[in-house]
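Colleague: I have a structure I would like to understand better, so I am pasting it below and will then ask my questions one at a time.
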Amino acid sequence: MTVFRMPSLGADMESGTLVEWLVRPGDRVKRGDVVAVVETAKGAIEIEVFQDGVVRALIAEPGAVVPVGAPLAEIAAEGAAAEVAPAPPTPQPAVTPPKAPAGPTAAPPPQAGRVRVTPAARRRAAALGIALERLRGTGVDGAICLADLPSPAPPKRVPAGFDPAAMRAAIAAAMSRSKREIPHYYLSETVDVSAALDRLTRINAERDPPARLLPAAILLRAAALAIAATPEVNGWWEDGRFRAADGVHVGWAVALRGGGLIAPAIRDADRLALDPLMAALRDLVQRARGFALRGSELTSASITITNLGERGAASVLPVIHPPQVAMLGIGRIVVRPWVVDGTVQPRQVVTLTLAGDHRATDGHVGGLLLTRLAALLADAERL
Amino acid sequence: MTPSETKRLVAEILAAIAPEADISAVAGDADLREALDLDSIDFLNLVTGLHERTGRPIPEADYPRLFTLDGIAGYFGAAAD
């Protein structure tokens, strides 16, 4: 039996509001399953479990403000699934108003009909104005659960409680910590990306719009490969030392139109070819703006990339997102006079920048990353 | 496609891409990317939507003709004739 706790979705997060449960007691869950939605300063985040097992009890009720690390649910390991069948004792919630124990002496008068109902179902029934006594429960021990109730109005992705000021405060906290603790060094390299863009043009000429690639995809592809070749910049500074990441999990900075910024991770980005990377980018940006990210996407990035895009500035000096140790900046692609084989030609160039944490690496390593990235972009047919 | 039909089509497509965008406030000759703060993924999604609704292939070389509402109206109006 393990306790599923409120995860920390950022160095600045102290608590989250449980919006809804997506599982109920008795449900079998696998590592990575989304089990709940939690509202934070970064919007409503889908929270995943990190083990296989069976949901034994939901401890926190929707609406409860739960501190990071406080219990949300109990999950029994797979082998212990049989324990779930008998009615589990009602756990004492740590962070919600205590409920009366289920013992016979304490049965509250309103429950004359002894209707068993999950907290989430009770809440939805109240919201819909449905009398619980008229429902037949299909949950554990005949409890009425969410599945027994009609769905409420279409689920809202942007929670009414999302607060741009809270996101501003979260960014302020993380960036202040970065500038206070991280001795940044900065490197920059302007590279000719004409070959890479020519390749995209040729690919896109044969495709309908839904399948087309953007420059961001090929830039990300090259960056992920360069990062994989430079593991010293890919990881976290923890307890006074560098911890290397187990894969290239690129945090991709997405500007939110209402203000604010979020950098969810594309896991193992170096193992994705151009088309899957493009699909991942589209999906990530859409979900980031719809506030439908998953908790692991907010916590697992091992390095961040900010791509300023076609309407951005020509270059950027990034601020590292702690506890990461590096951040790569990609400026706007511009046409500039460039010397190619001894003659000046108009070429499409981009300025790549790296902010490195000087505690973890020296500029030499950061320079290797930019050199590798430039070489990959020059040999674009292989990307 | 008349200018008002164009505006309606673009508004429908943008409703899924940028729900907070207010297209009614955008002048016909204004660059949609500037006026509505669209990045390249948003613009690709707009092109994808126009492609799916009109069946036109919309090669990349034509993108500059789709930067404004007037441009989009002209682009698809010409095809209907």
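Colleague: Of everything in segment B:37-53 that's in a loop (DSSP other than H, G, I, E, B) and at the interface with chain A (Cβ under 8 Å from one of its Cβ atoms), which residue is surrounded by the fewest Cβ atoms within 10 Å (Cβ to Cβ)? Give the derivation first.
Modeller: Within segment B:37-53, the subset in a loop (DSSP other than H, G, I, E, B) is B:37-39.
Filter again for at the interface with chain A (Cβ under 8 Å from one of its Cβ atoms), leaving B:37, B:39.
Numbers: B:D37: 14, B:D39: 22.
Residue satisfying both the conditions and the ranking: B:D37.
Colleague: Go through A:A355, A:A313, A:A360, A:A326 for me and flag whichever is within 14 Å of chain B (Cβ to nearest Cβ) and either within 20 Å of A:H184 (Cβ to Cβ) or touching a helix residue (DSSP H, G or I) at 6+ places or on another chain (Cβ under 7 Å) (or both). Don't jump to the end; show me each part of the working.
Modeller: On the way: A:A355 fails: within 14 Å of chain B (Cβ to nearest Cβ); A:A360 fails: within 14 Å of chain B (Cβ to nearest Cβ); A:A326 fails: within 14 Å of chain B (Cβ to nearest Cβ).
Every option except A:A313 fails the conditions.
Colleague: B:L9 passes all but one of (1) surrounded by 15 or more Cβ atoms within 10 Å (Cβ to Cβ); (2) within 8 Å of chain A (Cβ to nearest Cβ); (3) of a type outside the set (F, W, Y); which number fails?
Modeller: B:L9 satisfies every listed condition except (2).
Colleague: Filtering segment A:355-372 down to residues that are among the aliphatic types (A, V, I, L, M) and touching a strand residue (DSSP E or B) at 6+ places or on another chain (Cβ under 8 Å), which residue is farthest from A:Q324 (Cα to Cα)?
Modeller: Kept after step one, since they are among the aliphatic types (A, V, I, L, M), are these residues of segment A:355-372: A:355, A:360, A:365, A:368-370.
Imposing the further condition that a residue be touching a strand residue (DSSP E or B) at 6+ places or on another chain (Cβ under 8 Å) reduces the set to A:355, A:360, A:365, A:369-370.
Values: A:A355: 11, A:A360: 10, A:V365: 15, A:L369: 16, A:L370: 18 Å.
Checked segment A:355-372; the qualifying residue farthest from A:Q324 (Cα to Cα) is A:L370.
Colleague: State which residue is farthest from the other protein chains (Cβ to nearest Cβ) when the search covers only segment A:260-284 and only residues that are among the hydrophobic types (A, V, I, L, M, F, W, C) and loosely packed, with under 15 Cβ neighbours inside 10 Å. Quick ask: steps written out before the conclusion?
Modeller: Filtering segment A:260-284 down to residues among the hydrophobic types (A, V, I, L, M, F, W, C) leaves A:261-263, A:265-266, A:269, A:272-274, A:277-281, A:284.
Keeping just the survivors that are loosely packed, with under 15 Cβ neighbours inside 10 Å gives A:273, A:279.
Values: A:A273: 19, A:A279: 12 Å.
The extreme case among them is A:A273.
Colleague: Report yes if A:R257 is within 13 Å of chain B (Cβ to nearest Cβ), part of a loop (DSSP other than H, G, I, E, B) and charged (D, E, K, R), otherwise no. Walk me through how you get there before you give the answer.
Modeller: Details: within 13 Å of chain B (Cβ to nearest Cβ): yes; part of a loop (DSSP other than H, G, I, E, B): yes; charged (D, E, K, R): yes.
Considered against the rule, which asks whether it is within 13 Å of chain B (Cβ to nearest Cβ), part of a loop (DSSP other than H, G, I, E, B) and charged (D, E, K, R), A:R257 comes out as yes.
Colleague: Select, from A:A217, A:A288, A:A226, A:A222, the only residue that is assigned to a helix (DSSP H, G or I), touching a helix residue (DSSP H, G or I) at 6+ places or on another chain (Cβ under 7 Å), within 11 Å of chain B (Cβ to nearest Cβ) and crowded, with 20+ Cβ neighbours inside 10 Å.
Modeller: Values: A:A288 fails: touching a helix residue (DSSP H, G or I) at 6+ places or on another chain (Cβ under 7 Å); A:A226 fails: within 11 Å of chain B (Cβ to nearest Cβ); A:A222 fails: within 11 Å of chain B (Cβ to nearest Cβ).
One residue alone meets the criteria, A:A217.
Colleague: Right, something else. Kindly indicate which of A:A314, A:A279, A:A273 is among the hydrophobic types (A, V, I, L, M, F, W, C) and either touching a residue at least 40 places away in the same chain (Cβ under 8 Å) or closer than 19 Å to A:I45 by Cβ (or both).
Modeller: Details: A:A314 fails: either touching a residue at least 40 places away in the same chain (Cβ under 8 Å) or closer than 19 Å to A:I45 by Cβ (or both); A:A279 fails: either touching a residue at least 40 places away in the same chain (Cβ under 8 Å) or closer than 19 Å to A:I45 by Cβ (or both).
A:A273 is the lone residue from the list that is among the hydrophobic types (A, V, I, L, M, F, W, C) and either touching a residue at least 40 places away in the same chain (Cβ under 8 Å) or closer than 19 Å to A:I45 by Cβ (or both).
Colleague: Return the only residue of B:T48, B:T68 being among the hydroxyl-bearing types (S, T, Y) and over 19 Å from A:A205 (Cβ atoms). Give the steps one after another, and end with the answer.
Modeller: Working: B:T48 fails: over 19 Å from A:A205 (Cβ atoms).
Sole residue among the options that is among the hydroxyl-bearing types (S, T, Y) and over 19 Å from A:A205 (Cβ atoms): B:T68.
Only the coordinates and a few stated rules stand behind these numbers; no lab work does. Note that the coordinates shown come from a computational prediction; the quantities given were computed from them, not determined experimentally. Counting neighbours? That spans all protein chains shown, and the Cβs are built from the backbone with ideal geometry, glycine included.
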